[in-house]
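Structure record follows, encoded as structure tokens.
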């Protein structure tokens, strides 16, 4: 369950996908890289951008905008890849830009309202209102393709 990933104090990294700001637990972030073109994979899901060579390991790249239903990105030199580790899997997340790190507690995270959509809530842990913006806290587990679907396994 998505709420299980909340802790009393948490360090998050925020990033932009289109005009929306999202964040994930910084502990899942291995590194942040500049965009490099991915080699397309035949018969892959529409949100799978392809694969890149990350220091000798083949790593899939997920277009996070496409995965979240916000539209596919047209990557430029300004786009970045957030390399994330979830359990024993590594994946690159294509985002528009990385914004900042945030320190928040449970009280700052508001649960997602029921929007009548079965797909979206799987990805969303909650929302963090901050001054004039709303940041969506994501759960990376359901964003990743099912195990065995072209994911690099950590050594």
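Over the Cα atoms of region 52-140, the radius of gyration divided by the Kirkwood radius equals 0.99; this is the Rg/Rh ratio. For region 36-94, the ratio of Cα radius of gyration to the globular rule of thumb 2.2 N^0.38 Å stands at 1.06. The distance between label points at residue 30 and residue 131 comes to 3.4 nm (points 7 Å beyond Cα on the Cα→Cβ vector).
Between residue 45 and residue 85, residue separation times 0.36 nm minus the direct Cα-Cα distance comes to 12.4 nm.
Read-outs throughout are calculated quantities, based only on the coordinates presented, and are distinct from any laboratory measurement. A quick note: this is a predicted structure, and the numbers were derived from the prediction, not measured. Ideal geometry is used to build each Cβ from the backbone, glycine not excepted, and the neighbour counts take in all protein chains shown.
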